[in-house]
1. Provide the net charge surrounding G107, with neighbours chosen by a C-beta distance below 13 Å and charges set as Lys +1, Arg +1, Asp -1, Glu -1.
2. Keeping all protein chains in the complex and leaving out DNA, RNA and ligands, what accessible area do you get for V86 with a 1.4 Å probe, in Å² to the nearest 10?
3. Might you report the magnitude of the Cβ-based charge dipole of the stretch 134-192 about its Cα centre, with Lys and Arg at +1 and Asp and Glu at -1, to the nearest 20 debye?
4. Given a Förster distance of 41 angstrom, what is the FRET efficiency for D67 paired with D146, based on the Cβ-Cβ distance and rounded to 0.05?
5. Could you work out the local net charge near T87, counting Lys and Arg as +1, Asp and Glu as -1, over the other residues with Cβ closer than 11 Å to its Cβ?
6. Which lysines, if any, have their Cα less than 29 Å from the Cα of K101, not counting same-chain residues under 8 positions apart?
7. Using unit Cβ charges (K, R positive; D, E negative) and no other charged atoms, how large, in debye to the nearest 20, is the dipole of the stretch 60-177 about its Cα centre?
8. Take the alpha carbon atoms of the stretch 28-80, find their center, do the same for the stretch 81-142, and report the distance between the two centers in whole angstrom.
Amino acid sequence: MSLFLRSSRPLLLGVTLLLSQLAPAQAAEPATVLNLSASAQRELPNDQLNATLYIQERQPQAAQLADKLNRALNRAKGDAAGYPKVTISSGNYNSWPSYDKNGKINGWQGRADIRLHSRDFTAAAELIAQLQKYMLLEGVQFSVADSTRKATEQTLIPEAIALLQHQAAAAGKALGKPQQQVRELTIGESQPNMPPLLMRAKAMTADAVAEVTTPEWQPGKSTIQLNVSGRIELQ
């Protein structure tokens with residue numbers, strides 16, 4: 001009897017060890033994944049001006065119309081040469097026939113645009129006043145220059161990410177999961193559309209006015225906003 005007991009102890013111990021090894025480990029609590037977003041913003045003075053001026057004419061012949069429009073554009077280019085801080089570029093150029101009551105062409109109409117871009121508001125205002133002697137001002141818009149916007153966005157990135165992490169920390173505290181790990185992060189910018197400041201002019205010709213008063217601009221401000229979004233894992 002004693003022999004049986006002595007031989008069974010190692011066997012029982014081995015079975016116990018084997019069963020303990022086969023027992024599954026306790027499953028870890030699943031992580032909680034949050035989709036969060038945050039933004040940081042700055043209000044900046046507008047430092048860039050964009051303006052559009054145009055000439056619209058009517059002539060009996062298409063060639064006469066083209067000559068009239070081209071002369072005005074060339075004159076504008078020459079006037080702009082005296083303002084090196086203002087960039088001038090060509091805009092739309094269109095012509096179309098006009099008809100009498102019988103459906104026959106009785107003349108030609110056309111319109112040509114130029115666009116001005118500058119960060120020197122004084123120079124731009126003086127040039128616009130000069131061009132208004134023979135062109136019409138369609139509108140002026142003020143905005144934040146690309147270089148200023150990009151530099152501002154760089155300063156907003158850490159602020160926006162810090163706000164995102166603050167949200168994750170608050171959620172983790174409420175859920176009893178203080179550990180955070182960023183799985184995905186998207187950084188993007190958006191600049192809210194600000195209502196453009198448009199200044200419109202009544203029709204005038206070179207003979208109708210000798211001088212045009214230089215406008216005093218009020219460029220205003222724009223808000224630059226940077227958005228971040230990400231997937232945060234809480235454990």
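1. +1
2. Estimated to the nearest 10 Å², V86 gives 10 Å².
3. Value, rounded to 20: 420 debye.
4. The value I calculate is 0.65.
5. Details: positive: K85, R115, R119; negative: D120.
Neighbour charge sum, excluding T87 itself: +2.
6. K68, K202
7. Details: 15 positive and 10 negative charges, 36 e Å.
So the dipole magnitude of the stretch 60-177 works out to roughly 180 debye.
8. 13 Å
The values are calculated or read from the model by the stated rules, or taken from the named source; none is laboratory data. Keep in mind that what you see is a predicted model, and the values were worked out from it rather than measured. As a convention, Cβ positions derive from the backbone with ideal geometry for all residues, glycine included, and neighbour counts pool all protein chains shown. These area figures cover heavy atoms from the full protein model, side chains too; ligands, DNA and RNA do not enter into them. Shrake-Rupley method; radii C 1.70, N 1.55, O 1.52, S 1.80 Å.
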